[in-house]
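Novice: Before we start, here is the structure in question, set down as structure tokens.
Read the figures in this text as sums done on the coordinates, not as results from a lab. Note that the coordinates shown come from a computational prediction; the quantities given were computed from them, not determined experimentally. Cβ sites come from the backbone with ideal geometry, for glycine too, and all protein chains shown count toward neighbours.
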There are 2 protein chains.
Amino acid sequence: MHILVVGAAGMLGRKLTRELVRNATLGGRRIEKLSLVDVVAPDRPGFAGETDLRAIDLSASGAATELVAGRPDVIFHLAAIVSGEAEADFEKGYRINLDGTRALLEAIRAEGAKNPYCPRVVFTSSIAVFGTPFPEVIGDDHVLTPLTSYGVQKAIGELLLADYSRRGFLDGVGVRLPTIVIRPGKPNKAASGFFSGILREPLAGQEAVLPVADTVRHWFASPRAAVGFLIHAATLDTAPLGIRRSLNMPGIAATVAEEIAALQRVAGEDAVALIRREPDPVIEKFVDGWPRAFNPERALALGFTADSSFDDIIRVYIEDEMGGERPRA
Amino acid sequence: MHILVVGAAGMLGRKLTRELVRNATLGGRRIEKLSLVDVVAPDRPGFAGETDLRAIDLSASGAATELVAGRPDVIFHLAAIVSGEAEADFEKGYRINLDGTRALLEAIRAEGAKNPYCPRVVFTSSIAVFGTPFPEVIGDDHVLTPLTSYGVQKAIGELLLADYSRRGFLDGVGVRLPTIVIRPGKPNKAASGFFSGILREPLAGQEAVLPVADTVRHWFASPRAAVGFLIHAATLDTAPLGIRRSLNMPGIAATVAEEIAALQRVAGEDAVALIRREPDPVIEKFVDGWPRAFNPERALALGFTADSSFDDIIRVYIEDEMGGERPRA
């Protein structure tokens, strides 16, 4: 089978690629070809099969058509401008997150008009499609009222994915990712970056800034769990989804205080002491509009699985990013 | 003040224009200029002020910019491809209902980037943004899961309207219209057309086809009530709307049997006898996905008002379209 990953150079794209290469199969079928695409050329994975690496802006004229011409069986569409940047740069956010997504779906439809074609499309959406006021625990039928341009763009992507699926142009699954912690590497422009930073930096013996109160509660998954969601979304039977193609993913609800307590258990008091409290009204305002917990019944019934605890989320990071070496406690 | 009506040649656009001309004011301000636009040139209204009539396709390059250059204070955006046609012609539906709407919002944003500008934009959305399964009565927080391309396009329009309003580019109000009965004139391509047809044709002494069961229950407003919604949306204080810019409008919930009973009361048994039952599986499938009743608390609290009964809906038609002459009962 042929798999296309759009956004392959991003954090999740790289981890997904590594997992696909490691498995060498998807849903029981051997992976013959991997097409990896991003605005910068993705790294060449150690993959035995055919590999196609491209630096392409999905929203550029003809780009999506070029990508779909190879008729991939499964398309992971992970490419996105993150929340903070989509808020700061209105035009760029709409160009990449809306026009780019639509161009991809349209290219698939055009390819299918030439010759029957209906690829599985896994689209990374976000819990940012939801907006206040929130119940303490959000159900699967919660109304979409995004509070950011990013959330609006993701909600529109979900609507398009559902319509193109209903029409039979593609077979889409939208995955509303929890906030991913611990993100490896440097902070990105996501307003949620501190949720990772207050763990990642102390684990590396560095100071981290906490811009919100300890009582802030939010919804998390590890990168490893997120890759698991994507792979499951690529292989599950979509018949039970009906018209509702986008799903709240399972996760771990935790307060900042609970994050810090987990850090203390795994890495000791010295790590915790590296967290510096410096309230930031802009980030606090963002976070006020974020969901705290979900009851993702549909996703659980469909076999999606989350991390088992916040301690596990930290352990995943230590295993996957720090060579399994636990810092001195 | 300067008012722009996009979609002014349509049924609702003509009635709205007539009402604006009759009132000569909107929200207490004198109307100095009316710009009326549609894909075909709207009829010249008997308006004492400046009138600008244009035949323009909103989705054509530069069209929206041209319309907004006159910096109207209030923009009614009624232009749309109806549900049946948007379902039959996928590309046309997206071009007019999505690209056209987005072009209008973008033109407003671009105008505001030159010089501060934040017009009131009244957008006609639809209860087609909702999809099954439905509760018996739909609340204001019901999830958006449209079952048609038209519904998806309207839901996307709502999301864009909310984001552009939040950003301060415009001051938007989305009006989720009930199904309008009795539509005057010839049937249009809307799948809901029969709800009007089974009243309008018998009132004119002609046969009408009823393609669904008598037990089908749906949500209605008269054209006069709909014009009232639009005018109220153009003048209300939008501060209480917050991020949720689109509202379920009040209406009358009625079964087909109740429609027919009202027809019988107003026009007699001879009229009812002109309804021929001829089930149409395609329309039945459409209608199965439609809401039955709403509890439009927010709109009622904001002062929107509906017709008082289905009999009234028929009387409005007789007054406004048949010169007040009640057919022989």
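Novice: Could you compute the FRET efficiency for residue B:255 and residue A:32, with r as their C-beta to C-beta distance and R0 at 60 Å, rounded to 0.05?
Specialist: Once the sixth-power term is evaluated, E becomes 0.60.
Novice: Put a label point 7 Å from Cα along the Cβ direction on residue A:139, then list its distances to the equivalent points in the other copies in nm, shortest first.
Specialist: Shortest to longest, the spacings are 0.8 nm.
Novice: Given a Förster distance of 41 angstrom, what is the FRET efficiency for residue A:277 paired with residue B:53, based on the Cβ-Cβ distance and rounded to 0.05?
Specialist: So, using R0 = 41 Å, E works out to roughly 0.05.
Novice: Also, quick follow-up: Between copies, how close do the residue A:90 label points come, placed 7 Å along Cα→Cβ, listed in nm from shortest?
Specialist: Computed spacing set for this position: 3.2 nm.
Novice: Taking 10 °C and 1.306 mPa s as the conditions, I'd like the Stokes-Einstein D for the stretch A:192-239 in µm²/s, using the Kirkwood hydrodynamic radius from alpha carbon pairs.
Specialist: 120 µm²/s
Novice: With θ set to phi - 60° and the Karplus curve 6.51 cos²θ - 1.76 cosθ + 1.60, what are the ³J(HN,Hα) couplings of the stretch A:14-24 in order, to the nearest whole Hz, using x for Gly and Pro?
Specialist: Residue by residue, the stretch A:14-24 yields 5, 5, 4, 4, 4, 5, 5, 5, 4, 6, 6 Hz.
Novice: A follow-up question, please. Per q in 0.18 1/Å, what log10 I(q)/I(0) does a Debye calculation on the alpha-carbon atoms of the stretch B:246-329 return?
Specialist: -0.98
Novice: Something else now. Under a 5 Å amide H to amide H cut-off, with H placed in plane at 1.01 Å, what residues pair with residue B:52 once short-range neighbours are removed?
Specialist: B:34, B:35, B:36
Novice: Per the helix-only calculation at 222 nm, which mean residue ellipticity applies to chain A, given -39500 (n - 2.57) for every DSSP H run of n ≥ 4 and division by its residues, nearest 500 deg cm²/dmol?
Specialist: -11000 deg cm²/dmol
Novice: Nearest 5 percent is fine: what portion of the DSSP beta bridges confined to the protein assembly as shown is antiparallel?
Specialist: Of those bridges, close to 15 percent are antiparallel.
Novice: Now a separate question. Over all distinct alpha-carbon pairs, what is the Kirkwood Rh of the stretch B:1-155 in angstrom?
Specialist: That comes to 16.5 Å for the stretch B:1-155.
Novice: Could I ask something else about it? Compute the length gained on full extension between residue A:206 and residue A:43: take 0.36 nm times their separation in residues and subtract their Cα-Cα distance, giving the result in nm to one decimal.
Specialist: Value of the extension gain: 55.9 nm.
Novice: 7 Å along Cα→Cβ for the label point: how many nanometres lie between residue A:268 and each equivalent label in the other copies, listed shortest first?
Specialist: Distances to the matching label points in the other copies: 9.8 nm.
Novice: A further question on this structure: What number do you get for the protein assembly as shown when its Cα radius of gyration is normalised by 2.2 N^0.38 Å, N = residues?
Specialist: Compactness ratio reported: 1.04.
Novice: Determine the relative contact order of the stretch B:1-142: mean sequence separation of Cα pairs under 8 Å and six or more apart, normalised by residue count, in whole percent.
Specialist: Relative contact order here is 24 percent.
Novice: Got the relative contact order for chain B handy, in percent, Cα pairs under 8 Å and 6 or more residues apart?
Specialist: Once divided by the residue count of chain B, the mean separation gives 17 percent.
Novice: Would you please calculate the Kirkwood hydrodynamic radius of chain A over all C-alpha pairs and express it in Å, rounded to one decimal?
Specialist: Computed over Cα pairs of chain A, the Kirkwood hydrodynamic radius comes out at 20.2 Å.
Novice: Grab the alpha carbons of the stretch A:30-105, take their convex hull, and tell me the volume per residue in Å³.
Specialist: Expressed per residue, the convex hull around the Cα atoms of the stretch A:30-105 is 97 Å³.
Novice: Sum up the charges of everything whose Cβ sits under 14 Å from the Cβ of residue B:116, counting Lys and Arg as +1 and Asp and Glu as -1, but leave residue B:116 out.
Specialist: +1
Novice: Per the Cauchy relation, a quarter of the hull surface: what is the mean projected area of the convex hull of the alpha carbons in the stretch B:278-319, in nm²?
Specialist: 4.9 nm²
Novice: How far is it, in nm, from the label point at residue B:92 to the one at residue B:167 when both lie 7 Å from their Cα along the line to the Cβ?
Specialist: Rounded to a tenth, the inter-label distance reads 3.1 nm.
Novice: In addition: Calculate the mean, over all residues of peptide A:27-35, of how many other protein chain Cβ atoms lie within 10 angstrom of the residue's Cβ.
Specialist: That average works out to 0.
Novice: Excluding residue B:195 itself, calculate the net charge of residues whose Cβ lies under 9 Å from the Cβ of residue B:195, where each Lys or Arg counts +1 and each Asp or Glu counts -1.
Specialist: Once positives and negatives cancel, what remains is 0.
Novice: Which of A:96, A:145, A:197 sits closest to the plus end of the dipole of the stretch A:87-221, meaning its Cα is farthest towards the positive end, when Lys and Arg get +1 and Asp and Glu get -1 on the C-beta?
Specialist: Value: A:96.
Novice: Taking DSSP loops as anything outside H, G, I, E and B, show the longest stretch in chain A free of GluC sites (Glu not before Pro) there with at most 10 other beta carbons within 10 Å.
Specialist: So the longest stretch without any such site is A:137-324.
Novice: Do me a favour and compute the ellipsoid semi-axes for the stretch B:187-329 from its Cα gyration tensor, root of five times each eigenvalue, largest one first, whole Å.
Specialist: Ellipsoid semi-axes (Å, largest first): 29, 19, 12.
Novice: Continuing with the same structure: With viscosity set to 1.306 mPa s at 10 °C, what whole-number translational diffusion coefficient in µm²/s follows for the stretch B:86-142 from Stokes-Einstein and a Kirkwood radius over Cα pairs?
Specialist: Diffusion coefficient, whole number: 111 µm²/s.
Novice: Would you grab the residues whose amide H sits under 5 Å from the one on residue A:247? Only those 5+ places off in sequence or on another chain, please, with H modelled 1.01 Å from N.
Specialist: A:174, A:175, A:176
Novice: Now for a different question. Find out how many positive minus negative residues lie around residue B:241, taking Lys and Arg as positive, Asp and Glu as negative, among other residues whose Cβ is under 11 Å from that of residue B:241.
Specialist: That sum, taken over residues with Cβ under 11 Å, equals +2.
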